[in-house]
Structure formats: C-alpha cells, structure tokens
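Asker: The structure that follows is given in the form of structure tokens.
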Amino acid sequence: MAGGQSLIAMMNFRLARPKIVIDVSNIEGRNQISAEEGGLRVRATTVQRHVETSALAQQRIPLLCYAIRHIAHFQIRNKGTIGGNLVNADPASELPATSLVLDAKFEIMSAEGKRTVPAAEFFITSMTTAVAANEVLASVLFTEPPAGSGWGFHETSRRAGDYALAGCVAVVTLDAARKCSRARIGLFGVATTPIRACNAENALLGKEYSVDLLQVAAREIQADIDPESDVHVTAAYRRSVAEVLTVRSLEDAFRRAGERR
Amino acid sequence: MNAAARMRGVTKHIGMSRKRTEDPLLLMGKAKYIDDITLPGTVEVAFLRSTHAHADIKHINLEKARAHPDCIRIITCADMDGGTVTYSNHQGNLKPVPTPFLAGEKVRFVGEIIAAVIAPSRYVAEDIVDLIEVEYEPLPVIFDIDEAMRPGAEWIHEEIPNNVFFSESFYKGDVDRAFREADLIVKEKISTGRTSACPMETRGVIANWNWDDTLDVWSSTQMPYPLRTYIAVFLRIPEKNIRVVAPQVGGGFGQKAHLFPEEFILPWLARDLRKPVKWIEDRREHLLSAAHAKQQTQFIELAMKKDGTILGLKNKAIGDSGAYSMFPWGGIIEPAVGCAGLPGPFRFQDIRYENYAVLTNKMAQGAYRGVGWSAACFAREMVLARAALELKIDIADIYYRNFINKDEFPFLSATNQTYDSGDFHRVLDKCLEMSDYRRLKSHSRKLTNGRLLGVGLSFFVEPTAWGSRVAEESGYRGVTTHDSATVEMDPTGTVIIKSGQFGHGQGTKTTMAQVCAETLGVRFEDVRVLEGDTATSSYGMGTFASRSGVIGGGTVMRAATDVRNKLLKIAAHVMEANAADLIIDQGVVYVRGSPDRHMTVAELAYINYFDRIRRPSTDEVEPILSSTRHYDPPETYASGSHCVIIELDPQTGHIDIKRIVAVEDCGVVINPQIVEGQMRGGVSQGIGMGLLESLEYDRNGQLTNASFMDFLLPNASTLPDIECAHIETPSPVTDGGFKGCGEAAMLSVHCALGNAVADALTVFGNRVPTSLPIGPQQILDLIRGTDAKG
C-alpha cells in the first residue's frame, strides 16, 4: 500500500480483504522526480502533490502537472501516489490516459528482476494492469513531447474532484510549416481502459489547424470508444461529450503548439 | 400585544448576532459526540442486513457465527418477540404499516435488519455477521410506484391492498371553472429524486442497563423525549426508569427526527446482556437504512389568464414511500404535506389535489428539511416557469401579479393555511435589487466563453413553528405537540434554562439564552441552557420542522416572564418600591427615576433563598425562582426568495453556479448570524437536491450508489458565497413575533435553479426541467428535445 486512497476505502467496504498489507508510504526517498534523457522519471511511491508542485515537472511537462491537479482534491493528492493511481487503473482517472499520451514507460520489478512495459501495453482492463501478483511498479518514465508540441486537457465531472464522466488529453506537434507532424489523443471514462484515439490522431497528421479539421478528427474517436451508462449519465452522453472535449483539448493543443513554434 | 411592548428591558439581546456559545467546544474538537462516549465494558453491535429487496426468509443458520470464539450474542426477530414500531394517527384512511425491529419471515428492502451480532468490537462483530447464512426465497421486487400500483402487483405487506397505504383528496373553490376560463393550461409530470439528509454524523446508539433496573440510552437523535416515551411503550419499561441523552449531535435535518428500529434493539440488548452496548452507523448503512426523502411523482396542471393571473391548480402527488411508514411521521409526510403547501405566496383560491403514499421495495421515506414542500414547490414553480415562457411574461411579474398583499393578512390560502403575516412584495423587491435581476435578464443568454447565462428566481412561503396548528394545516390531522421550558434562577442570580428543544447545529443554547436574557433582564453570560438530556431538561418534542425558535422562544419567554415577575415582587419588598417602578437590565434592578437606588439580581436572589429577615414572607412569594411553561403556538408562516445565477455549458450540460442571493422574512430575528447560517446551510442542501443527489435503485431493488463516491453531495467547490438579507415582518400571533426559518431554502433554491436552467435554455426554446436532480444528462436531453415537450 502506498497512499491507500483506494485500498483503504475498499477494505472499509470489505471488498478487499488482504491478509497482509505492506505499507511502503514511509520508505526513504519516496518522492523522486529525475530528469532523464527524453523525459522525467517519477518513482512510483511519489505523492501526486509532489509532482503537481514540482518546478522541474512544471517546466518540462506542464501537462503532467495540469492533469494531476484534476485528481480528486489536494488533501487526497497529498496521500495518493503516482504509482498507486496508475496501478489502480481506474478507466475514468486522469493519470492513466495522460501516461498514454506521454508515451510513458513503466518499470516493473520483482524478486526475479526488472522489466519495462510501454503504456500501450500496461492497461489491460478496468482496474487491471500488466503488473503481476509478484511484482510492483517501481517507476514511470514520462516522455517529454518533442519541440513544437502543445497540449490540451479537458474533462467534465459532476463536481470538481470527482472521477470524470469523460475526459480527453491531447498533445499535438507542429512542424515548421505549422502542419501537424505528431499527435497523441488519450481518452478516459469512455471504455474499460484509458484509450489512445489513433484514428483521430491519424486524421490530424500532415494537416494545418482548422475548426473543421478538429471536428472531423474528433468524430473519429467514436470508433475507438465503448462507453457505459451508469447512475450519472448514459453511454450516449459520454460519446457526445467525449467528442466535445476532444475538440476543446485539440483546440488548446494547437494553440499552445502554435505559440511555441 | 406586539413584540416591542413585551420587551421592557433596556438592553437588547434579541436581534443581536451573538457568537454561538456552542462553538468553542466544536472548534477545539472537544465536543462529545456519541462515538466519543465509551462506557467501561462496552460491547459493540453489527447488524446483518438484507441483501434482497423482497424475499421470504426460509432459514437463518447461526451455527458457524455462534461458534466464533468472540461471539457474545446474536439475536433475530424471534428474540424480540416480533416487536414493531408502528405509525398510526387520526388520519382518515392511513393504514398502519407494521415496521419490525428485526425482519421476521420477510425482508422488504435491501438493508433491513435481520440479525444483531454482539462482539467485543465492531470489527469482530462484522466478521461474525459474515458467518451467518440466510436462505432467501426471492419475491417479485416492486421497483417503483408504477409497478406498485399496477393491478395484480405483489403486495409488499399483505394487509395493504395494492400497496397504497394512504390516500387523500382535497378541493376548494371551483377548479373546473378555473380551467374552463383559462387562456393557458400547463400540464407537467414532475419527478423529484430520492435523497438523504446525510448529516455529517451518522446515527448511533449506546444503551446501558443499570443494576437498579434503570436504563440509560444515548442516541444521535433530534427527539430525546419522544424516544424515551416510545422505548417505554414498545419495550414495556417504566418511563420513569429511562434516561435518554442526545449528546452533541452532528446534524439531523429531520432524518434523526424518527424513531428507528436500532433505537429499540440496543436498549433491548442492554437489558438482555446487562452490559453497555454500542452501535455507530457507517455511511453505507446510513445510505441504505436511514430515512430517505423527497421522491414523488406529481401530475400538476396550472390554469392561467394571459395576463399571468393564476386561476387554479390541480395536482396528483404520489410518494414513493419505500417499504415502511416511518415512525412517527408516516409515509404521508411527502405527498400530504407537500400538497398542502402548493399555493405558496399566491392568492388563487381554486384548487384540487389528491395524494397517495405507495409502498415499494426501498428504504422508507421520512422527514428531511423541506419535507413534502421541496417536491410540491418544484412542481408549482416549474409549471409557472413554463407558463411565463409561453406567455412571454417575466416570472417576477407573474409573482407580483399573484402575490397576497401585505394588508390582506391573515389570509386563508387555497389549501386553508392561515398565513398570519408577510410582505412578499418587499421581499421580492429586495431579492431583485440584490441580484440585479432585471438588468441580468436583459442580457444576451450567450456569453463570450461559449456558455449560457441563466438567471432563476423563486419565492416561497414556509409553514413554521411545528406545533399542533401548523401540523394540522400541513396535513397532520389531530396531531398535538408538547413543548416546555423551565427557567430557574439560583441563589447567586445565574439562570438555567431546561429546554425541551434540542439544538444539534441550530444554536439554541445561544438563542434561548438571548431570549431569556432580554425577557428576564439578566446578562447573556449568566444564562445557561440545558437540553438534550431527559434527566435534566423539560419535556419537549425536540428540534425539527422550523419549530425551536418560535416554540422554544415562546416557552422560555413565558417562563422567564414568570421568574421576572417574581423577582420584581421580591425587589419591591426589599427595595421598598413599587414593582411597577422597577426596571431590570443586565442583572441590575433599578427604581425608575432614581438611578442610584439599585440592587443586583444576585443580591436579590440570595436574599430570596437565604435571608429570612429581608425577603417577603413565604406565603406571599415562594422562595423558588423557577417557572415551567408550555407553548403550542398558533400557525405562523415565513417567506423568502432566492435568485440563482448560473453559467451553463450547452455542450456538456455542466452548470457552474456563479451567485446565489437569499432573502428571508422569518419575523423577529433572534440572532441574524444564526439565521444566516440556516439560510446558507439550507441553500447548500437545496443545491445538492437540485443538482446532484439521487439514490438510484436498480430493478432488483439494489441501491447502486450506497457510498459518497456516487451519491453526490454538494461540496465547497459546488457553491459560491451566498448573499443573504433579512426582511422583518414580525408575526402578530406568536410570542415575540418570531417565525421559523429552518426549511426555507429547501422549498425554494432548487426551484430558482430550475428557473435558471430554463432561462439559460431559452436560446433553444421553452425547455423547463421536469425532474430533480438536474444533472448534465437532463440538460442535454432538454436541449435535444428528447425530454422536453416544447
């Protein structure tokens, strides 16, 4: 157990009944962010608030800080960890989708050794990841988007701090001719895992910004998502709003990318 | 007699924003809530609650559970002799619905208690609960009122045919003529969501049986005295041997103004085990089994002239009462109380309504701030909103056109409620002015950030001072209430109030002391209020239904007046002056016109108790400075208005509340700061009901959101600061001119929110919300016309 923000609640409901709980929240050097070639490595035990307020993270990958700010409330982010959030793999959570968009690499350890899993292979289904029962997540490398990139993040929830009803996180890279040379679109709350909207990404490649382009591209997400209805909204609501949020995220991403070109 | 005349003291206490005497303990974290109390040797209780919504219990196997090494005792229905908490009153066709302490042969909702397990701790008790095996034989689940009332539906209680346990109809005037003569008729089906008061502190009970055969009970309740009485009645224990204490209670909002099975099971166990037993409810239990509220379906029709004059209303209200009829209000609390409040501030006289309370396989509905009125007001306001849009008249002008004028009081409403006083025009003027309503309404709805501006108004009339008369006018026939207070001055001149009211957030320890200080002429600091303990306070129904300011204020004022008169007699004798020439202020008695002739109240009290030479003869004045008085006030009606200003995102349906203005007229205000606390708290809960809260059962009768993860309460980020103002129209009928103020916002602010949504959506046409809560789904449905009839 790292921050215990999900586990303790599950134990209170007696939905989780672990025989043994090992608390790793007090180990030395738990909060670690280090700059590496191409990105930032964050130790799994790092509390979310530490990353959110880190000057290094702010400067190198502001999207990461912005996304983390949408996880619950600051009191929870003071306890909740980066690793705990990612391994919990709630499909409506902000960080898993953000890790997809940032081409994150997950370093997983066990008594036998280390292995690295790319984000695309990390999330298996709702609340399930590639981390096996005898393994722990050690750290995550969040890749810094290439020069000329801009990002956008939009979600909608019933109240500030709730899990998103739907959300989108996007990174767009523009070339010297202001054409889109690389795109990453991650969606959350709309399938059993966070997903990359690859069709929508492809629709942007080689194109210049236009309002129409964003709408056409956003429409492409429909083939990739498979939302469910719940007590709050219907699947149709999620489909419709995910598309709206994709447009808004791309709008911001193109604007920011344009400013950096 | 007016309020001012009654106040002969020079120093004002009533009307002052005294800091609450309750607060230091709360702020220091030193207040003792029920879970802070642990008696030596306490054992804890966990309940096995039904996992089926409707089933016969074929068999309960306790063998494994009893074999657990820490199992102290397990009881089921048979142990308590099948006892019930059953509500019945004089109401014509209200059928009693027996509510068992523990389910017997049948369970009727998910969360119903089947067994109680006693163990050294709650953790172990829950382990043992898991070892109990129950064999259920599922029965058809009655999911909603449509299923319940369908011919051939399963009867949830065999003695209640067709699941309808209460029905009532009322008419006044000629409503058919009103509808014939109408230029516009608006009909809507209005649904209000099922919610829960969710006080910050859940329920909890501790019971201890003493070796002298007396029983002590601590309960997080709003009504310690009725609990004492009914423990005596239902468990057959002499009432004199029972003491009920409500310690610091962390909110009730009506939900804790019921007597729950747990409050009888724990005392029974204490007697059985001769050990202190404790049960603290967890939040999941709370959402499953503490009173639900407000779910109604209404079919409302409005008849209006084209100038906006309301001609008449028809309504059919069906309360989804759940599986039982909660004691002591019964399932009638939603539909019957609601319909009686339909006319609100309006003068029309032609009305017809019928209402039904219907059983379903859910937790029962009971009282929650705003009781049935939340639903009835929403129905009325939403048909008015629709009419305003269709006639293109601003809702504010419809209000003004239909208001009762201030010179028309007392006014008998269409449902025969006797409004004592008010100045609706002034209240609405104030609300419009504070919110800058007219100017905002003239703005474009489309904002530059892509959102839509919505400005919504509402107006309410709140029946307050829940005594016999207001209860009668609110649909409770023949109910009576008993409330009293004792005011007692001790030999050193300090004063104790023993009150039958019981504050659990309302600040009655402060307000009752203010009323006493002013009436009696002593210092505020010299008055202490004892409440919430049947051993030290005075019999009363407790605090709920906007009653304590008026009823508590009245009892204290009467008793304090008696003590003052007695004290003046003594002073007249000791100071050799005429009682009529004496003034008491801030603990000093003066002779009028001779300011140097004075004595302190403390000196006089001491003489009265101990100085046989100087005090008057005991034949003349008994040497006890004490009085106990009762007050069951006439009906008094408060009023007020809300304005809610929102920004609505038409693509996501998200609502951002920018401003809320609240204006309240609750007569003479005892403590403005405390009234504002009520206004703000009510607005918060009203916004929760309006925007977020809905307990969602699935077709199998399972509550799908029994946690705060998915049952959403408003939080700090939901609400802006709330701008408050007071208008004071003293009640001409109550002692002190007080009116209640507790429910207020929950009759109104959700309606203002509904109006704001309708206003924002005018860019799409006439789109008026018809159900609560107004979540993002409903907004998009309204915009797309999949839900709207416009």
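Asker: If a residue has to be at pLDDT below 95 and over 15 Å from B:Gly552 (Cα atoms) to count, how many in region B:480-495 make the cut?
Answerer: 1
Asker: Which one is nearest to the other protein chains (Cβ to nearest Cβ) among residues in region B:717-729 that are crowded, with 18+ Cβ neighbours inside 10 Å and outside any loop (DSSP other than H, G, I, E, B)?
Answerer: Checking each candidate, the answer is B:Ile722.
Condition check ((1) surrounded by fewer than 21 Cβ atoms within 10 Å (Cβ to Cβ); (2) at pLDDT below 95; (3) in a loop (DSSP other than H, G, I, E, B)) across all residues:
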{"position": "B:Asp213", "(1), (2), (3)": "yes, no, yes"}
{"position": "B:Trp218", "(1), (2), (3)": "no, no, no"}
{"position": "B:Leu227", "(1), (2), (3)": "no, no, no"}
{"position": "B:Ile231", "(1), (2), (3)": "no, no, no"}
{"position": "B:Ile237", "(1), (2), (3)": "yes, no, yes"}
{"position": "B:Gly251", "(1), (2), (3)": "yes, no, yes"}
{"position": "B:Lys256", "(1), (2), (3)": "no, no, yes"}
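Asker: Please go through region B:622-652 and give me each residue that is away from every other protein chain (no Cβ under 14 Å), surrounded by 19 or more Cβ atoms within 10 Å (Cβ to Cβ) and farther than 26 Å from B:Phe409 by Cα, ordered by number.
Answerer: Result: B:Leu625, B:Ser627, B:Arg629, B:Val644, B:Ile645, B:Ile646.
Asker: Also, quick follow-up: Given the criteria under 19 Å from B:Val358 (Cα atoms) and among the charged types (D, E, K, R), does B:Glu112 qualify?
Answerer: yes
Asker: From (1) outside any loop (DSSP other than H, G, I, E, B); (2) touching a helix residue (DSSP H, G or I) at 6+ places or on another chain (Cβ under 6 Å), pick out the condition that doesn't hold for B:Phe47.
Answerer: (2)
Asker: Follow-up question, since we're still on this one. Can you name the strands (runs of 3 or more DSSP E) wholly within region B:429-545 that have at least 3 residues being within 25 Å of B:Val733 (Cα to Cα) and touching a helix residue (DSSP H, G or I) at 6+ places or on another chain (Cβ under 6 Å)?
Answerer: B:452-464, B:484-489
Residues checked against (1) surrounded by 16 or more Cβ atoms within 10 Å (Cβ to Cβ); (2) touching a residue at least 60 places away in the same chain (Cβ under 8 Å):
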site	(1), (2)
B:Asp429	yes, no
B:Asp436	no, no
B:His443	no, no
B:Val455	yes, yes
B:Phe460	yes, yes
B:Gly478	no, yes
B:Thr481	yes, yes
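Asker: So, one more: Scan B:Glu168, B:Glu158, B:Glu126, B:Glu154 and give me the residue that is in a strand (DSSP E or B) and out of contact with any Ser or Thr (no Cβ under 9 Å at 6 or more places or on another chain).
Answerer: B:Glu168
Residues are listed down the side, and each one gets a yes or a no for (1) surrounded by 20 or more Cβ atoms within 10 Å (Cβ to Cβ); (2) closer than 24 Å to B:Gly344 by Cα; (3) more than 14 Å from every other protein chain (Cβ to nearest Cβ); (4) touching a Pro at 6+ places or on another chain (Cβ under 6 Å):
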{"site": "B:Gly701", "(1), (2), (3), (4)": "yes, no, yes, no"}
{"site": "B:Asn715", "(1), (2), (3), (4)": "no, no, no, no"}
{"site": "B:Ser731", "(1), (2), (3), (4)": "yes, yes, yes, no"}
{"site": "B:Met746", "(1), (2), (3), (4)": "yes, yes, yes, no"}
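Asker: Shifting gears a bit: Can you confirm whether region B:191-209 contains a residue that is within 14 Å of chain A (Cβ to nearest Cβ), buried (at least 17 other Cβ atoms within 10 Å of the Cβ) and of a type in the set (Ser, Thr, Tyr)?
Answerer: Within region B:191-209, one or more residues are within 14 Å of chain A (Cβ to nearest Cβ), buried (at least 17 other Cβ atoms within 10 Å of the Cβ) and of a type in the set (Ser, Thr, Tyr).
Asker: Look through region A:206-252, keep the residues that are within 10 Å of chain B (Cβ to nearest Cβ) and more than 30 Å from B:Ala706 (Cα to Cα), and return whichever of them is surrounded by the most Cβ atoms within 10 Å (Cβ to Cβ).
Answerer: Step by step, filter region A:206-252, then rank; the result is A:Glu243.
Asker: List the pairs whose first member sits in region B:653-674 and is within 14 Å of chain A (Cβ to nearest Cβ), whose second member is in a strand (DSSP E or B) and surrounded by fewer than 21 Cβ atoms within 10 Å (Cβ to Cβ), and whose Cβ atoms are under 6 Å apart, counting only residues at least 6 apart or on separate chains?
Answerer: B:Asp656/B:Glu647
Asker: Okay, next question. Please enumerate the residues belonging to region B:322-341 that are at pLDDT 95 or above, outside any helix (DSSP H, G or I) and under 17 Å from B:Gly370 (Cβ atoms).
Answerer: B:Gly341
Asker: Related question: Within region B:129-151, work out how many residues are among the hydrophobic types (A, V, I, L, M, F, W, C) and assigned to a loop (DSSP other than H, G, I, E, B).
Answerer: Here the count works out to 5.
Asker: From the list A:Ser110, A:Ser139, A:Ser99, which residue is surrounded by fewer than 18 Cβ atoms within 10 Å (Cβ to Cβ) and at pLDDT 95 or above?
Answerer: So the residue among A:Ser110, A:Ser139, A:Ser99 that is surrounded by fewer than 18 Cβ atoms within 10 Å (Cβ to Cβ) and at pLDDT 95 or above is A:Ser110.
Asker: Surrounded by fewer than 24 Cβ atoms within 10 Å (Cβ to Cβ), in contact with a Leu (Cβ under 8 Å, 6 or more places away or on another chain), part of a helix (DSSP H, G or I) and within 14 Å of chain A (Cβ to nearest Cβ): does that describe B:Ile783?
Answerer: Considered against the rule, which asks whether it is surrounded by fewer than 24 Cβ atoms within 10 Å (Cβ to Cβ), in contact with a Leu (Cβ under 8 Å, 6 or more places away or on another chain), part of a helix (DSSP H, G or I) and within 14 Å of chain A (Cβ to nearest Cβ), B:Ile783 comes out as yes.
Asker: Moving to a separate point now. Scanning region A:155-184 for residues that are under 18 Å from A:Ala89 (Cα atoms), among the hydrophobic types (A, V, I, L, M, F, W, C) and in contact with a Leu (Cβ under 8 Å, 6 or more places away or on another chain), which turns out nearest to the other protein chains (Cβ to nearest Cβ)?
Answerer: Checked region A:155-184; the qualifying residue nearest to the other protein chains (Cβ to nearest Cβ) is A:Ala166.
Asker: Next up: Would you confirm, using the coordinates I've provided, whether A:Phe123 is out of contact with any Asp or Glu (no Cβ under 9 Å at 6 or more places or on another chain), crowded, with 19+ Cβ neighbours inside 10 Å, under 28 Å from A:Ile27 (Cβ atoms) and away from chain B (no Cβ under 14 Å)?
Answerer: When the stated conditions are applied, A:Phe123 passes them.
Asker: Tell me, which residue of region B:366-404 that is out of contact with any strand residue (DSSP E or B) (no Cβ under 8 Å at 6 or more places or on another chain) and acidic (Asp, Glu) is nearest to B:Ala758 (Cα to Cα)?
Answerer: It comes out as B:Asp394.
Asker: Would you call B:Asp735 modelled with pLDDT of 95 or more and within 14 Å of another protein chain (Cβ to nearest Cβ)?
Answerer: Criteria not met by B:Asp735.
Asker: Among the listed residues B:Gly677, B:Gly681, B:Gly686, identify the single one that is away from chain A (no Cβ under 14 Å), closer than 30 Å to B:Arg283 by Cα and crowded, with 24+ Cβ neighbours inside 10 Å.
Answerer: Among B:Gly677, B:Gly681, B:Gly686, only B:Gly686 is away from chain A (no Cβ under 14 Å), closer than 30 Å to B:Arg283 by Cα and crowded, with 24+ Cβ neighbours inside 10 Å.
Asker: Only one residue in B:Ile118, B:Ile128, B:Ile142 is modelled with pLDDT of 95 or more, away from every other protein chain (no Cβ under 14 Å), under 28 Å from B:Leu39 (Cα atoms) and surrounded by 16 or more Cβ atoms within 10 Å (Cβ to Cβ), so which one is that?
Answerer: From the options B:Ile118, B:Ile128, B:Ile142, the qualifying one is B:Ile118.
Asker: If you go through region A:35-44 one residue at a time, do you hit one that is surrounded by 17 or more Cβ atoms within 10 Å (Cβ to Cβ), in a helix (DSSP H, G or I) and more than 14 Å from chain B (Cβ to nearest Cβ)?
Answerer: No: region A:35-44 contains no residue that is surrounded by 17 or more Cβ atoms within 10 Å (Cβ to Cβ), in a helix (DSSP H, G or I) and more than 14 Å from chain B (Cβ to nearest Cβ).
Asker: Just one of (1) in contact with a Leu (Cβ under 7 Å, 6 or more places away or on another chain); (2) small (Gly, Ala, Ser); (3) within 13 Å of another protein chain (Cβ to nearest Cβ) trips up A:Ala197, so point out which.
Answerer: Condition (3) is where A:Ala197 drops out.
Asker: How many residues does region A:165-181 hold that are over 12 Å from the mean Cα position of the chain (by Cα) and either closer than 15 Å to A:Val241 by Cα or among the acidic types (Asp, Glu) (or both)?
Answerer: Total meeting the criteria: 3.
Asker: Only one residue in B:His52, B:His90 is out of contact with any Ser or Thr (no Cβ under 7 Å at 6 or more places or on another chain) and modelled with pLDDT under 95. Which one?
Answerer: None of the others qualify; the one that does is B:His90.
The values are calculated or read from the model by the stated rules, or taken from the named source; none is laboratory data. From a predicted model like this one, the values you see are computed outputs, not experimental measurements. Cβ coordinates were reconstructed from backbone atoms using ideal geometry, including for glycine residues, and neighbour counts include every protein chain displayed.
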